[in-house]
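Reviewing the structure listed below.
Derivation of every value follows stated rules applied to the coordinates shown; laboratory data play no part. Remember, it's a predicted structure, so these values are computed and weren't measured experimentally. Ideal geometry is used to build each Cβ from the backbone, glycine not excepted, and the neighbour counts take in all protein chains shown.
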Amino acid sequence: MPEQDAFSTIMSSVDTPLIVVTTGNDTDGVREWGGCLVGFHTQASIDPERYCLWLSKANHTTRVAQRSTHLVVHFLTADDLALAERFGTLTGDHDDKFAGLRTEAGPGGVPVLLDCPHRLVVRRTSLLDEGGDHLCLATEPVAVASGGPFTPLRLSDAAHLTPGHEAEERHAPPTERAPG
């Protein structure tokens, strides 16, 4: 196992751009929406285009995403701290994070935040649960929008936010692991 302090040092030096991921569905006229602030995400393939993101197992959004076909990856700008706070500190278990926001339903009923011009609408292609506290969702873009170049909101800009769920609320990894 790698030295934890060295791993933490490296990871705390990476200043990841933040995104808000939304997902949802409309089953038999019942709308279910979820959204959360995400720091674990990346382009995963050039051809074909793929994007992966990791959602905390403690989040309401993760449970909605498992029942949904599509998600929207909204890339936050340096001016979007209030949106990061809303989606990062409230919990969909108790709060309507979408109240008062301009939204429209996208493919599969997924909520699109209209005031976030930089976004990918993606279709989930696979889900990986390797036993950690986050699920990996591999996706393919089905629609892309951009308002042009922008300065992203980064993890260091939102480090003062208190998450809607504490780390203790996340599921523990299973005891069975692949041989090391």
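Considering only the stretch 15-28, I want to know if a residue exists there that is surrounded by fewer than 13 Cβ atoms within 10 Å (Cβ to Cβ) and among the hydrophobic types (A, V, I, L, M, F, W, C).
no
Residue by residue, here is whether (1) surrounded by 14 or more Cβ atoms within 10 Å (Cβ to Cβ); (2) in contact with a helix residue (DSSP H, G or I) (Cβ under 9 Å, 6 or more places away or on another chain); (3) outside any loop (DSSP other than H, G, I, E, B); (4) of a type outside the set (Val, Ile, Thr) holds:
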| residue | (1), (2), (3), (4) |
| --- | --- |
| 34 | yes, yes, yes, yes |
| 47 | no, no, no, yes |
| 55 | yes, yes, yes, yes |
| 58 | yes, yes, no, yes |
| 62 | yes, no, yes, no |
| 104 | no, no, yes, yes |
| 112 | yes, no, yes, no |
| 117 | yes, no, no, yes |
| 120 | yes, no, yes, yes |
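Mind checking which residues of the stretch 77-100 are surrounded by fewer than 16 Cβ atoms within 10 Å (Cβ to Cβ) and of a type in the set (A, V, I, L, M, F, W, C)?
78, 82, 99
Can you tell me how many residues within the stretch 65-102 are among the aliphatic types (A, V, I, L, M), without any contact (Cβ under 8 Å) to a residue 40 or more places away in the chain and not in a helix (DSSP H, G or I)?
Total meeting the criteria: 2.
List the pairs whose first member sits in the stretch 38-51 and is more than 19 Å from residue 76 (Cα to Cα), whose second member is outside any loop (DSSP other than H, G, I, E, B) and among the basic types (Lys, Arg), and whose Cβ atoms are under 7 Å apart, counting only residues at least 6 apart or on separate chains?
Once the first residue is more than 19 Å from residue 76 (Cα to Cα) and sits in the stretch 38-51, its partners that are outside any loop (DSSP other than H, G, I, E, B) and among the basic types (Lys, Arg) give 44/50.
Pick from 108, 131: which is more than 15 Å from the chain's Cα centre (by Cα) and surrounded by fewer than 16 Cβ atoms within 10 Å (Cβ to Cβ)?
Only one candidate qualifies: 131.
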